[in-house]
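Step one of this worksheet: look at the structure below.
Bear in mind that the values in this text are calculations on the coordinates, not laboratory data. From a predicted model like this one, the values you see are computed outputs, not experimental measurements. Note that each Cβ is placed from the backbone with ideal geometry, even for glycine, and that neighbours are counted across all protein chains shown.
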Amino acid sequence: MRLIRYQSGAEPPRLGWALEEYVGALEGSPFSGFRRLEADQELSAVRLLAPVLPAKIIGVGRNYLSHAREQNLEAPEVPLLFLKPPSAVIGPDEPIRLPPQSQQVVHEAELAVVIGKAGRWIKPEDAMDHVLGYTIGNDVTARDLQRRDGQWTRSKSFDTFCPLGPWIETEFDPADALIACYVNGELRQMASTRDMLFNVRQLIAYISSIMTLEPGDVILTGTPGGVGLLQDGDVVRITIEGLGTLQNPVVREKSW
């Protein structure tokens, strides 16, 4: 099932579900209990929003060997974690804003895991019981600031630096799905989720040994090699086999 957040005209955002080219509303919450109402509105007539508003976003660095190699860095022996703030989240077709502080903002196409049930010290064999579903993420990064600072908070945390969407797919299999990223129609990244150094089960077990995972939390599972520069006027499009497409324009943000 495809779970969405959407807006119709000037109405407030709603939770819903998508069936082919139609959407319907949800009564209740995907994290507790809900009832699906009839899918009676055309998908093209609504605006899709970020499908989840997470309390925390946990990123995984260098989880593909190809990405570690393109940075001339070693693959980590255990998952390399960082956090992104909820204020970085945007939805499909919302602009990624390039901040004036950086001259090297890059795209990072990623599979995103949405937690559905809280847990701490989750065993790998129980990990999937805590997953609501999956969506597409773009871990936008100011690479020059990341190198300059020596830690990642500033480079990963600018507003608009975490596009998510277009929906949460609850029946997706993360074992072997193709990820591709295009900028202005040019292929930049392509890999399979099977190339992850640490798979979804391992990541959930490791992260939950550090912090409690709560419903709605998002795990960005890492990006493959091929990350590249984003410039004013670009359009970045990420596709994941079985999940769909997340597309965002890029604009330069003006300073005061």
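Residue by residue, here is whether (1) more than 17 Å from Gly244 (Cα to Cα); (2) over 22 Å from the mean Cα position of the chain (by Cα) holds:
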| residue | (1), (2) |
| --- | --- |
| Gln7 | yes, no |
| Trp17 | no, no |
| Leu26 | yes, yes |
| Arg62 | yes, no |
| Leu65 | yes, no |
| Leu73 | yes, yes |
| Val78 | yes, no |
| Phe82 | yes, no |
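With respect to the conditions (1) assigned to a loop (DSSP other than H, G, I, E, B); (2) in contact (Cβ under 8 Å) with a residue 60 or more places away in the chain, Ser102 falls short on a single one, namely (2). Scanning for something under 17 Å from the mean Cα position of the chain (by Cα) and in a helix (DSSP H, G or I), does the range 110-127 turn up at least one residue? No, the range 110-127 has no match at all.
Annotation: of all residues in the range 189-211 being hydroxyl-bearing (Ser, Thr, Tyr) and more than 18 Å from the chain's Cα centre (by Cα), the one that is nearest to Pro224 (Cα to Cα) is Tyr206. Any chance the range 179-189 includes a residue that's aromatic (Phe, Trp, Tyr), under 22 Å from Asn63 (Cα atoms) and out of contact with any Phe, Trp or Tyr (no Cβ under 6 Å at 6 or more places or on another chain)? Scanning the range 179-189, I find at least one residue that is aromatic (Phe, Trp, Tyr), under 22 Å from Asn63 (Cα atoms) and out of contact with any Phe, Trp or Tyr (no Cβ under 6 Å at 6 or more places or on another chain), so the answer is yes.
Checked against the criterion of being without any contact (Cβ under 8 Å) to a residue 60 or more places away in the chain, within 17 Å of Arg97 (Cα to Cα) and out of contact with any Ser or Thr (no Cβ under 6 Å at 6 or more places or on another chain), the range 128-136 contains not a single residue that satisfies it.
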